[in-house]
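Just below is one structure, and these are the notes that go with it.
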Amino acid sequence: MSKIQIIEMVVTLLVFIVLRLLVNVSIDKMVANNKATKTRSKIIKKALHITMLFIFITISLSILGIDQSELATFLGSFLTVTGIAFFAQWSILSNITSGIIIFFNHFVRLDDTISVIDKDYEVTGRVSDMGLLFIVLKTETGEKITIPNNMIVQKMIKKIHVSS
C-alpha cells in the first residue's frame, strides 16, 4: 500500500466519521423539534449509517486498487438481487420509504389527533406511536389501529387537534 493510498484511506475514513456525526446531530435535532420517538430516530439513523457504510466500503475498495469493472459487476449483481428481493416485498419498501418521508417532511406528529379520510372508511384517533412501517392511532374508545405509513402519505389527512 502506497503513502497516497494510506492518505486517501485516512481522509475517506475521517469524512465518513464526520458525516456520521453530522447525521446523528441532525436527526437528534429533528427529533427534539418534532416530538418523534427515540426508537424511530434510531431506525432512521441505522438506515442512513448502513447506506453511508456501503458507500465508504465502495470508495475504500476503489482506493485499494480493486478493478473498477469487477467492482461494478459486484455492485450491479448485488443491487439486482436486492432490487428483486425488494420488489417481492414492495409494500414493505413502500412503507419504509413513506416512514422516512413522514419523519422528515410531514405535518403529522406524535400525540396529534388526526382523521384519515377514505371513501369507504374514515379513521380518527390520536397518534400514539410512529414507526418505520406503521403509525398507531388510539381511538376515543381506546382501540389501537395500525395504519401503514404509505396510507398516511397517499390519503388525505385532517388534523383535528395539535399536540402542545
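General observations
- One way to sum up the overall shape of the range 22-164 is the equivalent ellipsoid from its Cα gyration tensor, whose semi-axes run 37, 19, 10 Å, largest first.
- Eligible lysines near LYS138 by straight Cα distance, threshold 29 Å, same-chain separation 8 or greater: LYS29, LYS35, LYS38, LYS42, LYS45, LYS46, LYS119, LYS155, LYS158, LYS159
- All Cα pairs of the range 87-164, percent lying beyond 15 Å: 52
- Residue-by-residue Karplus 3J(HN,Hα) for the range 134-150, coefficients 6.51, -1.76, 1.60, Hz, glycine and proline x: 9, 10, 9, 9, 10, 7, 5, 8, x, 6, 10, 10, 9, 10, x, 4, 5
- Working note: Karplus 6.51/-1.76/1.60 with θ = phi - 60° gives the range 114-123 the couplings 10, 10, 8, 8, 10, 5, 9, 8, 9, 10 Hz, where Gly and Pro are set to x.
- In the chain, the longest principal axis of the Cα atoms and the axis of helix 38-63 are about 20 degrees apart.
- Eigenvalues of the alpha-carbon gyration tensor of the range 3-88, scaled by 5 and square-rooted, set the equivalent ellipsoid semi-axes at 29, 22, 6 angstrom, largest first.
- Within the range 1-145: Cβ-based charge dipole about Cα centre, in debye rounded to nearest 20 (Lys, Arg +1; Asp, Glu -1): 500
- Farthest toward positive dipole pole in the chain [+1 Lys/Arg, -1 Asp/Glu at C-beta], among LEU21, MET52, SER98: LEU21
- Under 5 Å between amide hydrogens, built in the peptide plane, is the criterion, and for ILE135 it picks out ILE147, ASN149 among residues at least 5 positions away or on other chains.
Since every read-out is calculated from the coordinates, none of them should be taken as a lab result. Worth saying up front: this structure is predicted, and the values here are computed from it rather than measured. Cβ coordinates were reconstructed from backbone atoms using ideal geometry, including for glycine residues, and neighbour counts include every protein chain displayed.
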